[in-house]
Amino acid sequence: MAEKSSAQPKHNGNGKKSKKIFQFQMKLNFKNIVIGLFVLFIVFSLIGSISNQAALLTSKPLSTVVTDVKAGKIKSIDVEDTKLTVTEKDGSKYTSIKESQDSLVDVLQKSGVDPKTVAINVKDLSMSQVIAGLISNVLPLVLTVVFFLFLFRQARGAQDNIFSFGQSKARVWNKDLPKSTFKDVAGVDEAKKELEEVVDFLKSPGKFTALGARTPKGVILIGPSGTGKTLLAKAVAGEAKVPFYSIAGSEFMEMLVGVGAARVRDLFAQAKKSAPAIIFIDEIDAIGRMRSVGIMGGHDEREQTLNQILVEMDGFEPNTAVMVIAATNRGDLLDPALTRPGRFDRRVTLDLPDMEGRKAILKIHARGKPYAAPVDWDKVAKRTVGFSGADLENMLNESAILAARDNKKEIDMIDLEEAATKVKLGPEKKRLQTDLDRKMTAYHEAGHAVVNYYSKHLDPVHRISIVSRGMALGFTMAPPEKDRLHETKSQLIEEIAMTMGGRAAEQVIFKETTSGAANDIGQATRIARFMVTEFGMSDLGPINFGPQSDVTEWGKYYQDQQSISPDMQSAIDREIKKLIDDGFAVALAIVKKHRTDLDKVAEALVKKETLEGDEFALLLGGKKERES
């Protein structure tokens with residue numbers, strides 16, 4: 001794979017297995033008390049019923065008791081309401097049941113037995129019966145009342161939740177919470193300057209109004225992911241001495257229509273009460289997308305929310321005390337009414353950092369990390385062309401993880417290099433490959449490198465490897481030595497040739513093609529398609545054949561995918577094929593001419609797996625030669 005521009009956890013050998021401890025913690029609130037009483041009532045009812053049934057099953061009939069008394073076998077009888085506990089003279093006991101209205105003495109007398117021949121002990125259960133009757137009659141009533149109170153309370157809570165839908169969910173930051181300041185932001189000096197003025201507007205509005213200047217009502221930050229939009233907002237929160245309300249665009253949306261608009265009203269009402277204040281809306285494209293036109297209409301909830309934001313920012317009632325900062329990476333999708341002056345007066349674009357910006361970002365995120373020697377941050381910045389601020393922070397974090405995994409006390413350049421490659425391509429994968437697979441991969445990557453070496457406008461190779469990373473079996477890295485704002489036709493044609501160098505080497509060495517060039521073919525096709533349809537670098541002339549999307553003078557958004565005739569589409573396909581064929585022919589010619597160099601690089605890759613740029617250049621004669 002031509003590339004332009006892992007850490008495995010160690011086994012803990014202590015042999016101890018972690019024990020899971022389950023803890024049950026119950027809060028003594030109204031709901032739990034009701035549930036507990038209900039459960040206890042059910043349990044006691046079941047226990048009483050079971051005990052009564054068990055007594056009936058194990059007791060002897062009353063006639064047996066009378067017979068045993070006549071026979072003189074009974075020593076005493078304990079009477080507990082209807083339950084009789086009979087104790088025989090040999091010490092054994094059994095139970096029996098009598099009718100509640102009958103007296104045991106009367107039963108014995110009617111049976112012709114003298115009650116005085118046996119000791120009869122009657123226990124007074126009148127109080128316990130009163131208590132039991134009270135519980136059995138009152139407790140169900142109490143539980144019923146408590147149950148309905150619980151239902152009413154839940155219904156009231158649901159009602160409160162319904163009415164709270166319209167309340168703003170913004171998080172309020174005070175001057176003590178944010179830790180980021182403008183000193184923690186680098187690589188976006190122009191955007192930082194704009195936001196410094198915003199903070200200055202809020203701190204000292206007098207010096208601007210004295211000259212007749214109007215405070216900007218909104219600033220929108222537009223840029224790719226990871227370029228520092230949210231970090232800049234945090235820095236504003238840290239610098240400003242005013243309340244800072246932070247909310248995401250998706251937090252306005254709910255299932256019920258009108259909730260988003262109500263939350264916008266509530267948010268601005270809170271901000272106006274504590275004015276001057278700042279509102280930060282992250283990912284505003286979730287609610288600020290272009291309002292649809294046509295028969296089908298759009299999402300009513302989202303459009304109502306957007307309309308309310310438009311009114312709050314610049315409606316009939318002027319808003320001069322609340323500043324709105326928004327962030328998005330899809331600025332092309334925002335509604336024109338939202339981005340016009342008077343609402344978002346300032347449009348700040350954040351790009352990927354240049355070399356000086358990357359150096360500053362690296363130094364910020366390197367704080368608190370020990371390094372083995374003074375690090376050449378210029379070299380690291382050159383190595384990380386195309387990295388965003390988030391990529392750089394992730395790279396330094398990965399380098400610290402790699403150093404800790406190897407039990408190092410400090411981070412060295414090897415860790416930084418490996419971390420940069422890991423962030424770009426993914427972690428190493430130790431795949432089992434046959435000798436033929438390794439040889440094919442080595443010649444494939446050598447083909448990329450040799451074509452790059454003998455091309456005139458391409459940057460030098462930084463690293464070649466046949467170690468699998470991500471979905472690629474190998475890679476050839478040639479990141480730009482300097483940041484470039486323009487790509488020439490000659491550079492793009494040579495990039496196509498370098499990308500097809502792996503396929504050319506396969507054809508020369510093995511007289512065969514493999515599936516390993518699938519990613520290279522896709523990359524070459526993308527470059528060629530952009531050259532024809534976007535950059536006007538073909539015989540078709542400087543015409544844009546890409547999808548046409550624009551905003552009309554009436555504010556209507558349209559996107560036309562079918563603006564190209566079939567004949568012109570065929571001509572575009574022929575031009576793309578011509579560029580790729582020409583690039584492949586150039587790569588094939590270089591590989592055939594420098595077959596000896598191709599063999600040297602491939603043999604070194606099979607032996608060492610990875611070649612650095614200096615080692616590769618030394619194999620091919622040191623000083624880089626170029627084809628004219």
Using modelled backbone amide H atoms (1.01 Å from N, in-plane), which distant-in-sequence or interchain residues come within less than 5 Å of Ile325's amide H?
Val219, Ile279, Phe280, Ile281
Fewest-first sequence of Thr215, Thr117 by Cβ atoms within 10 Å of each Cβ
Thr117, Thr215
Using a simple charge model, +1 on the beta-carbon of Lys and Arg, -1 on the beta-carbon of Asp and Glu, nothing else, what dipole does the range 384-467 show about its Cα centre, in debye to the nearest 20?
320
Per-residue ³J(HN,Hα) for the range 450-459, Karplus 6.51 cos²θ - 1.76 cosθ + 1.60, θ = phi - 60°, Hz, x for Gly and Pro
5, 4, 4, 4, 9, 9, 7, 10, 8, 6
Could you name the aspartates and glutamates in cross-link range of Lys234, using Cα to Cα under 17 Å and dropping any fewer than eight places away on the same chain?
Asp176, Asp184, Asp189, Glu190, Glu194, Glu196, Glu197, Asp200, Asp282, Glu283, Glu393
Across the range 324-338, in residue order, what do the Karplus-derived ³J(HN,Hα) couplings come to in whole Hz, using 6.51 cos²θ - 1.76 cosθ + 1.60 with θ = phi - 60° and x for Gly and Pro?
10, 10, 10, 9, 7, 10, 10, x, 6, 9, 6, 5, x, 5, 7
Exposure proxy check: His486, His594 ranked by fewest other beta carbons within 10 Å?
His486, His594
Taking 493-503, 454-464 and ranking on average Cβ neighbours within 10 Å, highest first, one gets 493-503, 454-464
Beta carbons within 10 angstrom, averaged per residue: use that to sort the peptides 423-429, 280-286, 208-214, 394-400, highest first.
280-286, 394-400, 423-429, 208-214
Fully extended, how many nm does the chain gain between Gln569 and Lys511 (0.36 nm per residue separation, minus their Cα-Cα distance)?
17.5 nm
I'd like to know which of Ile401, Thr441, Thr328 lies farthest towards the positive end of the charge dipole of the range 321-453, counting +1 on Cβ of Lys and Arg and -1 on Cβ of Asp and Glu.
Thr328
Checked against a 29 Å limit on the C-alpha separation, the offending pairs among Lys409/Lys430; Lys229/Lys409; Lys183/Lys379; Lys93/Lys116 are Lys229/Lys409
Under-5 Å amide H pairs with Ala248, H placed in peptide plane, nonlocal only
Asp282
Going by C-beta contacts inside 10 Å, put Asp200, Asp415, Asp539 in order with the fewest on the left.
Asp539, Asp200, Asp415
Under Karplus coefficients 6.51, -1.76 and 1.60, residue-wise ³J(HN,Hα) of the range 465-471 in Hz, glycine/proline x
8, 10, 7, 5, 9, x, 9
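Each reported figure results from applying straightforward, stated rules to the coordinates on display, with no laboratory input. Quick caveat: nothing in here was measured; it's all calculated off a predicted structure. FYI the Cβ positions are ideal-geometry reconstructions off the backbone, even for glycines, and counts take in every protein chain you see.
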